[in-house]
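Inspection log for the structure reproduced underneath, given as structure tokens.
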There are 2 protein chains.
Amino acid sequence: MSYVTHLECAKCRHTYSSSEVYNLCACGGPLLVRYDLGRVKAAVTKEALAGRVASMWRYREFLPVEDDSNIVSLGEGMTPLLKTPRLGKAIGIEDLWVKDEGMNPTGTFKSRGAATGMSKVKEFGLKTVAMPTAGNAGGAWSAYAARAGVEMVVVMPVDAPAITMKECYAYGARTYLVKGLISDAGKIVGKAVKKYGYFDASTLKEPYRIEGKKTMGLEILEQFGWEVPDAILYPTGGGVGLIGIWKALDELEEMGWIGSKRPKLISVQAKGCMPIVKAWNEGKEASEFFQGAHTLAGGVRVPKALGDFIVLKACRETGGTAIAVSDEDILKGTFLASRDEGMFICPEGGAAVAAAQQLRQSGFLGAHERVVILNTGSGLKYPEIIDVDLPILEIDEEI
Amino acid sequence: MSYVTHLECAKCRHTYSSSEVYNLCACGGPLLVRYDLGRVKAAVTKEALAGRVASMWRYREFLPVEDDSNIVSLGEGMTPLLKTPRLGKAIGIEDLWVKDEGMNPTGTFKSRGAATGMSKVKEFGLKTVAMPTAGNAGGAWSAYAARAGVEMVVVMPVDAPAITMKECYAYGARTYLVKGLISDAGKIVGKAVKKYGYFDASTLKEPYRIEGKKTMGLEILEQFGWEVPDAILYPTGGGVGLIGIWKALDELEEMGWIGSKRPKLISVQAKGCMPIVKAWNEGKEASEFFQGAHTLAGGVRVPKALGDFIVLKACRETGGTAIAVSDEDILKGTFLASRDEGMFICPEGGAAVAAAQQLRQSGFLGAHERVVILNTGSGLKYPEIIDVDLPILEIDEEI
């Protein structure tokens with residue numbers, strides 16, 4: 001059983017039953033899962049968590065699955081939160097930490113959302129799930145669909161990373177490429193959903209992936225002994241993780257596990273695709289479609305996010321900010337982490353490193369603040385950003 | 001402080017002080033780390049482990065580092081041990097489990113050995129470490145060297161996987177390619193070790209990586225509630241992991257945490273490189289150099305392993321076996337795991353899947369036995385084994 005009470009629209013606050021299948025609210029807003037947190041509090045203690053499974057399912061009471069037999073898991077979550085002193089020194093933040101989401105199944109944080117999303121698909125008895133993807137979400141959802149025995153249909157741009165196409169194929173998903181952008185893939189999925197009755201698992205069009213992403217916030221807090229850090233930098237494409245972390249903190253406060261302090265939530269984008277940063281700079285409550293999006297950090301190449309208004313609100317209400325960095329700085333940030341700390345982070349993580357450095361230089365982040373960089377995935381999924389030209393020896397040569 | 005008492009040669013039983021730097025025994029045998037297990041038993045209980053960090057360092061008392069400040073960690077270990085019912089059904093073993101080592105830093109089990117090895121390098125104050133590698137070990141050691149601030153020199157065959165070259169480069173290792181095999185890389189490293197005084201970290205030429213690999217055995221036991229499974233299938237290149245698991249079980253029995261039951265330890269190789277299987281079939285105690293080694297599972301392309309005699313002994317004494325599978329079956333095994341369970345395993349893991357299937361068919365493994373397949377790494381590191389040819393849509397097309 002779960003402690004879910006209902007679904008609530010993030011925009012108009014209209015409520016829906018959690019025992020039926022919904023995508024968006026009638027108003028077009030994304031739906032959030034609401035719990036009876038008083039009962040969650042009565043059911044679990046901080047101490048009880050300590051001995052539990054080393055996956056995000058240690059937070060069982062915070063998650064929306066009714067029957068344990070519907071949980072679809074590959075061991076996602078409880079990723080390392082590592083102190084990074086050398087990187088911290090390089091960028092002038094002495095209490096710097098990296099949450100390494102590359103150590104999830106499928107190599108990215110997308111696994112968390114896919115785990116809760118696919119668990120609910122199984123619980124609702126849905127047969128076929130469809131989604132457009134830039135790559136990593138498609139890989140994750142295809143993996144969890146295979147684990148669940150559910151049919152998966154994925155549409156991705158023809159220039160998506162080759163490794164993510166291979167993943168979807170290996171997981172047995174019906175995978176299509178489109179000569180266009182993720183928005184074009186979305187249109188094809190939309191038509192197929194109408195035509196065949198597939199369940200639409202596009203970002204924020206289903207309510208449950210946020211709940212999986214939320215566990216990143218729960219873990220950061222548990223790993224810090226329930227002390228709230230001063231800032232979290234989050235590379236923002238769709239922004240679901242940032243929304244999830246914000247939601248986790250609100251739920252923990254309502255339960256009395258933490259106080260009212262919040263980390264400054266910082267939305268990091270690339271200069272080549274910065275709709276949320278543009279809206280932030282203009283003091284707007286929502287973003288506009290960003291024309292001509294391009295950046296090597298594919299995960300943040302999202303020209304218009306459905307949850308943009310929630311991301312902007314979270315940054316505003318926590319005293320955070322939104323910042324865009326150049327592709328050149330993204331690459332530098334990526335290599336800083338690998339050379340200084342042995343962490344082969346993804347370019348999106350590199351963007352957050354670069355942003356931390358710039359916000360330290362501007363004084364927005366203090367030298368002694370506890371700052372967390374969220375690395376959303378493994379560099380292994382982005383081999384194309386690294387060019388090597390290594391010395392080649394004959395067998396009888398010496399170094 | 002640690003509970004290490006001394007080092008002991010696995011071949012001639014000669015002992016060495018653990019406070020000095022050693023590579024091999026004078027007789028050429030690899031050195032094993034020995035502990036005062038009575039004191040370990042007094043220092044830790046099964047119950048105390050439950051609340052500890054979700055990494056292999058939860059087994060601190062079983063590990064050889066003297067001073068905690070020398071621990072070099074990226075959060076390795078405590079990987080998922082997943083029940084795989086659909087895969088189990090496909091191959092006829094109902095209680096089948098996969099230990100997924102792909103969810104380590106650098107994407108393979110090599111991180112465990114690199115973590116203990118590099119921690120001791122730091123503890124001994126060594127400045128430069130050199131090693132030959134087929135790819136994954138080089139990536140792992142380079143990562144931990146970067147984390148430790150130690151200089152790393154890596155030599156790998158020019159046909160090693162591109163992703164591992166990129167990793168070494170990203171971690172800032174001095175990386176050389178050689179127009180030859182890993183044995184040629186070994187010769188170049190050997191010369192450099194003599195010439196410059198680098199520490200030689202070739203497989204089993206340093207005593208500490210086994211201790212990291214040992215934690216796979218500790219985890220499997222803890223994850224099964226200290227019930228010993230019936231069989232473990234291990235893809236065998238150098239064989240360090242199998243040796244480590246065997247050592248872990250012996251230490252646990254000496255402490256009284258488990259009884260005398262052992263899982264059948266099963267060494268899995270590829271038909272194109274099967275020195276240990278050949279020795280097993282011929283009833284020999286050690287293997288011979290396997291000429292013309294070739295297989296797509298690069299991690300088991302080791303023509304002669306320094307620890308071959310220990311692997312053979314472990315398989316013999318536990319009632320296990322050694323088996324070689326074809327590259328075709330390796331690929332089939334890999335896809336079985338991804339399609340049936342959403343696990344994108346490496347080809348070495350695929351070899352173990354194929355071996356389990358064949359040993360079930362031959363009756364060596366029973367239908368109701370509890371069998372563990374050790375998947376040594378993530379499929380993300382082997383994109384070249386998957387060819388995809390996906391349908392390409394125009395933007396106005398429909399599925």
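What the table below lists for this structure:
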| quantity | calculated |
| --- | --- |
| Matching entry among B:Ile232, B:Ile245 (being part of a strand (DSSP E or B) and either within 29 Å of B:Val53 (Cα to Cα) or outside the structural domain of B:Val300 (by TED's automatic domain parsing) (or both)) | B:Ile232 |
| Which listed residue, of A:Ala42, A:Ala90, is at negative phi and either of a type in the set (D, E, K, R) or without any contact (Cβ under 8 Å) to a residue 60 or more places away in the chain (or both) | A:Ala42 |
| Flag if A:Glu397 is surrounded by fewer than 21 Cβ atoms within 10 Å (Cβ to Cβ) and either out of contact with any Pro (no Cβ under 7 Å at 6 or more places or on another chain) or within 14 Å of chain B (Cβ to nearest Cβ) (or both) | yes |
| Candidates A:Val21, A:Val40, filtered to the one that is within 25 Å of A:Lys122 (Cα to Cα) and assigned to a helix (DSSP H, G or I) | A:Val40 |
| Checklist (1) in a loop (DSSP other than H, G, I, E, B); (2) buried (at least 19 other Cβ atoms within 10 Å of the Cβ) applied to A:Ser267, failing item | (1) |
| Test: residue in segment A:310-332 that is of a type in the set (Gly, Ala, Ser), within 30 Å of B:Thr164 (Cα to Cα) and assigned by TED's automatic domain parsing to the domain that holds A:Leu96 | yes |
| In segment A:279-313, the residues that are part of a helix (DSSP H, G or I), closer than 23 Å to A:Arg360 by Cβ and either of a type in the set (D, E, K, R) or within 15 Å of the chain's Cα centre (by Cα) (or both) | A:Val300, A:Val311 |
| Among the residues listed as A:Val154, A:Val158, the single one being surrounded by 20 or more Cβ atoms within 10 Å (Cβ to Cβ), more than 23 Å from A:Trp57 (Cβ to Cβ) and within 12 Å of another protein chain (Cβ to nearest Cβ) | A:Val154 |
| Unique residue being buried (at least 24 other Cβ atoms within 10 Å of the Cβ), among the aromatic types (Phe, Trp, Tyr) and either under 29 Å from B:Glu94 (Cβ atoms) or free of Cβ contacts under 8 Å to residues at least 24 places away in the same chain (or both) when the list is B:Trp226, B:Trp246, B:Trp257 | B:Trp246 |
| Residue check, A:Leu126 more than 10 Å from chain B (Cβ to nearest Cβ), out of contact with any helix residue (DSSP H, G or I) (no Cβ under 7 Å at 6 or more places or on another chain) and either closer than 30 Å to B:Met56 by Cβ or not acidic (Asp, Glu) (or both) | yes |
| Test: A:Ala115 is within 13 Å of chain B (Cβ to nearest Cβ), in contact with a Gly (Cβ under 7 Å, 6 or more places away or on another chain) and outside any loop (DSSP other than H, G, I, E, B) | yes |
| Residue in segment A:74-87 that is more than 8 Å from every other protein chain (Cβ to nearest Cβ), in contact (Cβ under 8 Å) with a residue 60 or more places away in the chain, under 17 Å from the mean Cα position of the chain (by Cα) and surrounded by 21 or more Cβ atoms within 10 Å (Cβ to Cβ) present | yes |
| Given (1) more than 19 Å from the chain's Cα centre (by Cα); (2) within 19 Å of B:Pro235 (Cα to Cα), number of the condition B:Ala270 does not satisfy | (1) |
| Unmet requirement for B:Thr106, which otherwise passes all of (1) assigned to a helix (DSSP H, G or I); (2) over 17 Å from the mean Cα position of the chain (by Cα); (3) β-branched (Val, Ile, Thr) | (2) |
| Residue selected from segment B:195-219 under the condition among the acidic types (Asp, Glu) and part of a helix (DSSP H, G or I), by the criterion nearest to the other protein chains (Cβ to nearest Cβ) | B:Glu219 |
| Which numbered condition A:Lys122 fails, given (1) in a helix (DSSP H, G or I); (2) basic (Lys, Arg); (3) assigned by TED's automatic domain parsing to the domain that holds A:Arg339 | (3) |
| Search result, residues across segment B:88-103 that are farther than 17 Å from B:Thr215 by Cβ, charged (D, E, K, R) and either more than 13 Å from chain A (Cβ to nearest Cβ) or under 13 Å from the mean Cα position of the chain (by Cα) (or both) | B:Glu94, B:Asp95 |
| Count of residues meeting criterion [more than 14 Å from every other protein chain (Cβ to nearest Cβ) and either surrounded by 21 or more Cβ atoms within 10 Å (Cβ to Cβ) or without any contact (Cβ under 8 Å) to a residue 60 or more places away in the chain (or both)] in segment B:50-66 | 6 |
| Single unsatisfied condition, B:Tyr382 versus (1) touching a Ser or Thr at 6+ places or on another chain (Cβ under 8 Å); (2) crowded, with 24+ Cβ neighbours inside 10 Å; (3) within 12 Å of chain A (Cβ to nearest Cβ) | (1) |
| Residue check, A:Val325 surrounded by 24 or more Cβ atoms within 10 Å (Cβ to Cβ), away from chain B (no Cβ under 14 Å), within 27 Å of A:Val388 (Cα to Cα) and not hydroxyl-bearing (Ser, Thr, Tyr) | yes |
| Residue in segment B:356-374 that is of a type in the set (Asp, Glu), away from chain A (no Cβ under 14 Å), part of a loop (DSSP other than H, G, I, E, B) and surrounded by fewer than 23 Cβ atoms within 10 Å (Cβ to Cβ) present | yes |
| Qualifying positions in segment B:170-194 - in a helix (DSSP H, G or I), at pLDDT 95 or above, surrounded by fewer than 22 Cβ atoms within 10 Å (Cβ to Cβ) and within 7 Å of chain A (Cβ to nearest Cβ) | B:Lys191, B:Ala192 |
| Cross-chain or 6+ apart pairs with Cβ under 6 Å, segment A:291-303 first and touching a residue at least 12 places away in the same chain (Cβ under 8 Å) and within 15 Å of A:Thr108 (Cβ to Cβ), then assigned to a helix (DSSP H, G or I) and among the small types (Gly, Ala, Ser) | A:Ala297/A:Ala351 |
| Any hit, segment B:330-339, residues being of a type outside the set (Asp, Glu), more than 23 Å from B:Met274 (Cα to Cα), free of Cβ contacts under 8 Å to residues at least 12 places away in the same chain and assigned to a loop (DSSP other than H, G, I, E, B) | no |
| A:Ala146 at the interface with chain B (Cβ under 10 Å from one of its Cβ atoms), closer than 24 Å to A:Trp57 by Cα, crowded, with 20+ Cβ neighbours inside 10 Å and touching a residue at least 12 places away in the same chain (Cβ under 8 Å) | yes |
| Count of segment A:14-66 residues which are closer than 22 Å to B:Gly225 by Cβ and of a type in the set (Asp, Glu) | 1 |
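The values are calculated or read from the model by the stated rules, or taken from the named source; none is laboratory data. Worth saying up front: this structure is predicted, and the values here are computed from it rather than measured. Virtual Cβ from ideal backbone geometry, glycine too; neighbours counted across all protein chains shown.
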